[in-house]
Amino acid sequence: MPASSAAPDTGWVAWIEGLPCAGKTTVARAVGERLRALGREVEVLDGDEVRKMFSPELGFSRKDRETHARRVSYVARMLSRHGVVVLVAMITPYETSRQAARATVGPRFGEIWLRCPVEVCRQRDTKGLYRTDRAGGAKVTGVDDPFEEPLAPELVVDTATESVVASTEKVLRFLATQGVVPPLPAR
Ligand SMILES: Nc1ncnc2c1ncn2[C@@H]1O[C@H](COP(=O)(O)OP(=O)(O)OP(=O)(O)O)[C@@H](O)[C@H]1O
Ligand SMILES: [Mg+2]
């Protein structure tokens, strides 16, 4: 086989989904740091930040959210083909978007659902999203805009009941079972 066709195909896409304030950014960053320390190339594609760059013209209708998720999944696939571990941190409220992302990326993909009750998210409210007096009356996912419960996540992490450290460890251990990093020592 010529050397040129032996490009590394060891990348992976972890699609981290859940309600606003469920912990996606926190977990993605922490897992990213751990993966880097273990020698992996990592990119975190984080909700708001990525939206500004990829989809500034899009809003939050179902159609626009699905279009945005398609763009992100395409880039995630490209990066992962070059050996990068991509951590996508996006609410991803619709099952159709999750399935489309899975189909786009292929087998080196896993959905990680950060399951956290809306009451807990509301209490955390790191961005003031859940405030009832928020400007513009924008809809909030999980309150007055739908969040469909994921049907086929590879991993469910209950971020309401465990620490950031414990959730990070859980994700990392899951990624180890997928061959993203070598097996971790038993606790
Ligand atoms: N187990 C946990 N995992 C992740 N975050 C946790 C956990 N326990 C508590 N938290 C706290 O919950 C908050 C989650 O905020 P974060 O910005 O990560 O959420 P998010 O899902 O990225 O929200 P958004 O969709 O608005 O970007 C942080 O303040 C974090 O410290
Ligand atoms: Mg976030």
Problem set entry | Whether segment 79-170 is rounded, prolate or oblate, judged on the alpha carbon gyration tensor where a/c under 1.5 counts as rounded | prolate
Seminar exercise, completed: With Cα springs under 10 Å, the Gaussian network model of the chain assigns the largest mean-square fluctuation among E111, E17, E57 to E57
For this session: Check cross-link reach from K170 to the aspartates and glutamates: straight Cα distance under 16 Å, and skip same-chain residues fewer than eight apart.
Result: E17, E33, E111, E154, D158, E162
For this session: Would you please give the residues with an amide H less than 5 Å from that of L19, counting only those at least 5 places away or on a separate chain, with H modeled from the backbone geometry?
Result: C116
Exercise. Given the options S80, S55, S163, which has the most mean-square fluctuation in a GNM of the chain, springs set between C-alpha atoms less than 10 angstrom apart?
Worked result: S163
Seminar exercise, completed: Regression test value, accessible area per residue of the chain, probe 1.4 Å, units Å², expected 53 Å²
Problem set entry | Separation of the T10 and F54 label points, Cα + 7 Å toward Cβ, nm | 2.5 nm
Exercise. In nanometres, what is the gap between the two model label sites at K139 and R62, each 7 Å from Cα along Cα-to-Cβ?
Worked result: 0.9 nm
Exercise. Do any cysteines in the chain lack another Cys Cβ under 4.7 Å, and if so which?
Worked result: C116
Problem set entry | 26 Å Cα-Cα reach of K52 towards lysines, excluding residues that sit fewer than 8 places from it in its own chain | K24, K63, K127, K139
Problem set entry | Per-bin percent of Cα-Cα distances, the chain [10 Å] | 9, 37, 36, 14, 3, 1, 0
For this session: Averaging sequence separations of C-alpha pairs under 8 Å and six or more residues apart, then dividing by the length of the chain, give the relative contact order as a whole percent.
Result: 32 percent
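When averaged across all projection directions, what area in nm² does the alpha-carbon convex hull of segment 137-187 cover?
Averaging across all directions leaves 5.4 nm² for the Cα convex hull.
The values are calculated or read from the model by the stated rules, or taken from the named source; none is laboratory data. Values in this document were obtained by computation on a predicted structure and should not be read as measured data. Note: ideal-geometry Cβ built from the backbone for every residue, glycine included; neighbour counts use all protein chains shown. The area values use the complete protein model at the heavy-atom level, side chains included, leaving out ligands, DNA and RNA. Shrake-Rupley method; radii C 1.70, N 1.55, O 1.52, S 1.80 Å.
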